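The values are calculated or read from the model by the stated rules, or taken from the named source; none is laboratory data. Because the structure is predicted, anything quoted here is derived from the model rather than measured. Note that we place each Cβ from the backbone using ideal geometry, even for glycine, and neighbour counts take in every protein chain shown. When the accessible area is computed, the model is the full protein with side chains, heavy atoms only, and any ligands, DNA or RNA have been set aside. Shrake-Rupley method; radii C 1.70, N 1.55, O 1.52, S 1.80 Å.
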Amino acid sequence: MSEKEVDKRLERLRITATWLDACMTVPCTCNRVKFGVESLVGLVPVIGDFAGIIMALVFISAIFGTFHTPASIKVQMFLNVALDFVVGLVPLLGDIFDIMFKANMRNMDLIESHVRSIRTSMQAVEMGTRATAAADGPKAPVSAYIPHVPIKKGAGRKILERVAAPAPTK
């Protein structure tokens, strides 16, 4: 997945998180207190809270379907949603907490920081690869320095398998 495609997908996910948690403002707060569709739906006792957790779980599954996410980040995301749900069950206090906590925005921040850390480490590997290749000179093939990047399901894996496969002997 190219950087532009990653940025596009992150932007779509950011728009969804904003829609769920921060697309409207409370009047007379100078745009300081924002809430989203999930907060509005959460005003309906019990049913709204269950609808909110379903929206949050669909959002998380969209993140997991797009990016490889480590277990530690998955646990943090599920804990954000669980806390939002449990406290949201308390009348009035739960609704105020939901407006302030913004579980989906927190989950979006988690995935964005994860992607940033991957980009930083890939840049470091790339710089180290260039330096190593330059030091080794022409004797080492460039393919020896390409880092392995895990790829989610799809045609990309087949292409990599074809590229990595040894040439047929005659």
Give the carbon-plus-sulfur fraction of the accessible surface of region 31-134 in %, rounded to a whole number; probe 1.4 Å, heavy atoms of protein chains only.
73 percent
Translational D (Stokes-Einstein, µm²/s) of region 77-123 at 20 °C and 1.002 mPa s when Rh comes from the Kirkwood sum over C-alpha pairs?
182 µm²/s
Theoretical gain in end-to-end length, Trp19 to Ala71 [0.36 nm per residue, Cα-Cα removed]:
16.1 nm
Accessible solvent surface per residue of region 1-91, calculated while the other protein chains remain in place, 1.4 angstrom probe, Å²:
59 Å²
For 100-108, 19-27, ranked highest to lowest by mean beta-carbon neighbours within 10 Å, the order is 100-108, 19-27
Please work out whether region 1-120 counts as rounded, prolate or oblate from its C-alpha gyration tensor, where a ≥ b ≥ c are the square roots of the eigenvalues and a/c under 1.5 means rounded, while otherwise a/b larger than b/c means prolate and anything else oblate?
prolate
